[in-house]
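See below for the structure under consideration.
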Amino acid sequence: MRAVLLTYFFIFCSNLLIAQKISINYDITNIIKEIITFRKIEKENNNQYVIVKNFNSVELNINNFTPKEFEKKLYNIGHDGNPIIEGEKSFSNSDFNCVLDQINSKKTYIFNDSTKKNYKLVMLKNILSDRKKNINYEYFHFSIPLFSCDQKTAYIELDYQSKGIYGEGMSYILKKTNNKWTIIRVLSRWIT
């Protein structure tokens, strides 16, 4: 009887992990779609957007932060450029350990079938090889997203390279409301 209960328990836990992975992949797909839509980038000649096939690691380093410093790092910014300290926060100090665990876990995700259908996925080494041959096209390189404990806030980094020499690195904070991801904050990380 005990063996049967343990078997059911393991099957239940496995199904929960699979469901959570499917949910996270669905969220990642929608986050990427929201960022590309937000950027209002036009596709050329009806080609698909090129996205680097492998997720980048996150540059956000909070290993030496306290939970309070982490919370301040990700405050919402008002129209005047100053942090909004009162009201709703992007991430709270209670999310600190969840986010830190995600950064340190070195998790990898794969793009789901929906992403594969809507975007052209290319290995970064192939893109860089094409550029050496003067075959230039714009591409996006997303980091692995970091989620709040309740999975309703996400932080993701994007490195964008145009067909020419222009490029930029941006960070996005998104909120999930009514099953839809919306960008609530954009941070510039680098620009060429």
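Tell me, MET123, MET170 in order of fewest to most beta-carbon neighbours within 10 Å? Kindly include the intermediate steps, with their values, before the conclusion.
Working: MET123 11, MET170 18.
Listing MET123, MET170 from fewest to most nearby Cβ atoms yields MET123, MET170.
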Provide the per-residue ³J(HN,Hα) series for the range 99-107, in order, calculated from phi with Karplus coefficients 6.51, -1.76, 1.60 and θ = phi - 60°, each as a whole number of Hz, with x at glycine and proline positions. 5, 4, 4, 5, 5, 7, 6, 6, 4
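Quick one: which of 102-109, 26-33 comes out on top by average Cβ neighbours within 10 Å, and what's the full order, highest first?
On the way: 102-109: 11.8, 26-33: 18.9.
With the highest mean Cβ count within 10 Å placed first, the list reads 26-33, 102-109.
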List the lysines whose Cα sits under 22 Å from the Cα of LYS125, skipping any in the same chain fewer than 8 residues away. LYS53, LYS106, LYS107, LYS116, LYS117, LYS133, LYS163
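Among GLU157, GLU34, GLU168, what is the fewest-to-most ranking by other Cβ atoms within 10 Å?
Numbers: GLU157 22, GLU34 18, GLU168 14.
The order, fewest Cβ neighbours first, is GLU168, GLU34, GLU157.
By average Cβ neighbour count within 10 Å, what is the ranking of 51-61, 182-192 from highest down?
On the way: 51-61: 16.6, 182-192: 12.6.
The densest-packed peptide leads the list: 51-61, 182-192.
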Total formal charge among the other residues, if their Cβ is under 10 angstrom from that of GLY169, Lys/Arg +1 and Asp/Glu -1: -3
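Values in this text are rule-based calculations from the coordinates and carry no lab data. Remember, predicted model here, so these are calculated numbers, not experimental data. Positions of Cβ are generated from backbone atoms using ideal geometry, with glycine treated the same way; all protein chains shown enter the neighbour counts.
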